[in-house]
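Take a look at the structure set out below.
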Ligand SMILES: Cc1ncc(C[n+]2csc(CCOP(=O)(O)OP(=O)(O)O)c2C)c(N)n1
Ligand SMILES: [Mg+2]
């Protein structure tokens, strides 16, 4: 997988881009610390923190014991009292052990206290399937946290956004949850040098088109772009939108596109029902954009089962490029 | 650590178990080693995907801890669970088939290395979540007590798991309700890259037992006899209705944590030092020293294990893949429309 970028532009992998963002943030702000399991000498389970411990020491790159609930809570408490922790769950699946502190504490403290305290914590969640790690190491649970007012939830799809959204998250006074896709860590793309932020709450139109809209998140953005190329050769002009933030969602960008194309496919890796696709569809159905629809909305999401181990089954339970092509062709030809 | 020798200078295991039982234990230790070497080799040759956690170097802990258990007794296991599975009597062919993701595997190809289970033999399963098995073991012990089955549950977990809340909550409940469960900590000194010195406030994990008013003992986990002596006593205590115990088997994993480990948190010397304390070689010596087996018999046991693993790999290779149409089978007992 490669971003289609000009060769004269500097390229970094998605993991390197995240590391660069943390490095920049730590260099400019003493309050920023990293916490997580095996993020020090090991460099992180996916190598994201890399050598940062050598530069900033174990006081600022802290290996926690295997204590997700406690670790997440320490990050929340530290964020309330002057530090800017970036907490890494080793796999997003293990955040289920830290949910108490995320959902009951981080998300609600500001509100419950009448605005007297902020919780500027950043949490990172390596997510998704494709590594053969089976049911307890492959989930996409971003909709869980996105259901909770008080949290902001982002899903960068490109190296540039991975960096920009992390820096934006650190600037944000509220808790920001960053869902990173494990398969994207090695993907390269252009990443601007130096400090910049990517706005939270703004989707990105990755490809303009007039025939149908494909709204995608995370790794599915790349599958959607692949599909759009094939569709273009068939005379179907797809617009591809990277949602980037799922709470708060960028209503304007979504509705504007649907008003233009009148056809919508929403594709994401998480289990299809009761997730991002339901929200996007409802947003359209509840707005004037509904009147512009020429066909029913199609959601493509994960199968209604845990992620299986067998590699063929694993591939089969999440949307692939041919699934997007089929949905788009049917929509374009008015077959649904 | 406990003295592993009985008053008349015969190691506990030699006095307690028959020659057949002891030779079977050695065979299981070889099976674990060779299963994992075979697994590693298959991985290197690209035959399987995903990751795996090898317990090479920890075989005495797995086999020794299950010596006094029957098929009615339960175990809960961990991500590093192949050894526990073999110790509890699993079929090596079905284990390998699971590793290869085949329908003939223990989990029908849905689970892989990290989820192998064999409920028919009392193995409630490996676990992908550190500490995930601890409360489950307490639940199994609650069933045994309420239903009067007489079964005991042995709960395996690592040193890293002792810092999860689940560990503390589980031990407390087991103690308060006096349940027949034995908590067996396999302290291999690291949770991934983090040493117990850097992660854990007490020197020995067994020291935690004090907080939950149960006996706690630390033993040399590479000494088969020491492991059986400590765990057997705890199992008996549990069976007699006297409640839970904590046993800490100090051991070492020779391989990296998983396939992505560069071993940057420990020295080559440390690894070599532990490799010189091979639990299988020690067990073979124990049996030959006490005339339980000749050196030829030991060689024969090892050859037997090698053959079983070769057959298991052949079985796994030939097996059929699961059908994609059946991917949502077993999410619920009865198929539901989503
Ligand atoms: C809740 C949870 N946190 C983190 C992990 C990732 N992880 C898997 S094994 C492991 C180390 C476990 O250490 P220990 O309990 O000592 O067992 P060992 O691997 O040494 O056998 C970690 C951090 C996990 N699987 N589950
Ligand atoms: Mg350990």
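So how many residues does the range A:54-74 have that are within 12 Å of ligand 1 (Cβ to nearest atom) and not in a strand (DSSP E or B)?
Initial filter on the range A:54-74 (within 12 Å of ligand 1 (Cβ to nearest atom)): A:63-72.
Going one step further and asking which of them are not in a strand (DSSP E or B), we end up with A:64-72.
Selection size over the range A:54-74: 9.
Looking for something within 13 Å of ligand 2 (Cβ to nearest atom), part of a loop (DSSP other than H, G, I, E, B) and modelled with pLDDT of 95 or more - is there at least one such residue anywhere in the range B:220-237? Yes, the range B:220-237 has at least one match.
Here's the yes/no breakdown for (1) touching a residue at least 24 places away in the same chain (Cβ under 8 Å); (2) away from ligand 1 (no atom under 16 Å from the Cβ); (3) within 27 Å of residue B:325 (Cα to Cα):
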site	(1), (2), (3)
B:101	yes, yes, yes
B:110	yes, yes, yes
B:121	yes, yes, no
B:128	yes, no, yes
B:158	yes, no, no
B:161	yes, no, no
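If only residues of the range A:278-320 that are assigned to a helix (DSSP H, G or I) and within 14 Å of chain B (Cβ to nearest Cβ) are counted, the one that is nearest to the chain's Cα centre (by Cα) is A:278.
Looking across the range B:165-189 at every residue that is under 20 Å from the mean Cα position of the chain (by Cα) and within 10 Å of another protein chain (Cβ to nearest Cβ), the one that is farthest from ligand 2 (Cβ to nearest atom) is identified as B:166.
Which residue, of A:212, A:184, is out of contact with any strand residue (DSSP E or B) (no Cβ under 8 Å at 6 or more places or on another chain), touching a residue at least 60 places away in the same chain (Cβ under 8 Å) and buried (at least 24 other Cβ atoms within 10 Å of the Cβ)? It would help to see each step written out before you state the result.
Numbers: A:212 fails: out of contact with any strand residue (DSSP E or B) (no Cβ under 8 Å at 6 or more places or on another chain).
Just one listed residue meets the conditions, A:184.
Among the residues examined, residue B:127 does not qualify as within 29 Å of residue A:129 (Cβ to Cβ), more than 14 Å from chain A (Cβ to nearest Cβ) and under 17 Å from the mean Cα position of the chain (by Cα).
Inspection of the range A:158-181 identifies no residue that is within 13 Å of the chain's Cα centre (by Cα), closer than 23 Å to residue A:316 by Cβ and not in a strand (DSSP E or B).
Of the residues that make up the range A:80-99, is at least one without any contact (Cβ under 8 Å) to a residue 24 or more places away in the chain and away from ligand 2 (no atom under 16 Å from the Cβ)? Write out each step before concluding.
Let us first name the residues in the range A:80-99 that are without any contact (Cβ under 8 Å) to a residue 24 or more places away in the chain, namely A:81.
With the extra rule that they be away from ligand 2 (no atom under 16 Å from the Cβ), the set shrinks to A:81.
Scanning the range A:80-99 turns up at least one residue that is without any contact (Cβ under 8 Å) to a residue 24 or more places away in the chain and away from ligand 2 (no atom under 16 Å from the Cβ).
Selection of the range B:103-124 for residues being more than 15 Å from residue A:135 (Cβ to Cβ) and outside any loop (DSSP other than H, G, I, E, B) yields B:118, B:119, B:120, B:121, B:123. Does residue A:126 count as without any contact (Cβ under 8 Å) to a residue 60 or more places away in the chain and surrounded by 18 or more Cβ atoms within 10 Å (Cβ to Cβ)? For residue A:126, the condition - without any contact (Cβ under 8 Å) to a residue 60 or more places away in the chain and surrounded by 18 or more Cβ atoms within 10 Å (Cβ to Cβ) - is not met.
The values are calculated or read from the model by the stated rules, or taken from the named source; none is laboratory data. Treat the numbers as computed from the prediction; the structure is a model and nothing was measured. As a convention, Cβ positions derive from the backbone with ideal geometry for all residues, glycine included, and neighbour counts pool all protein chains shown.
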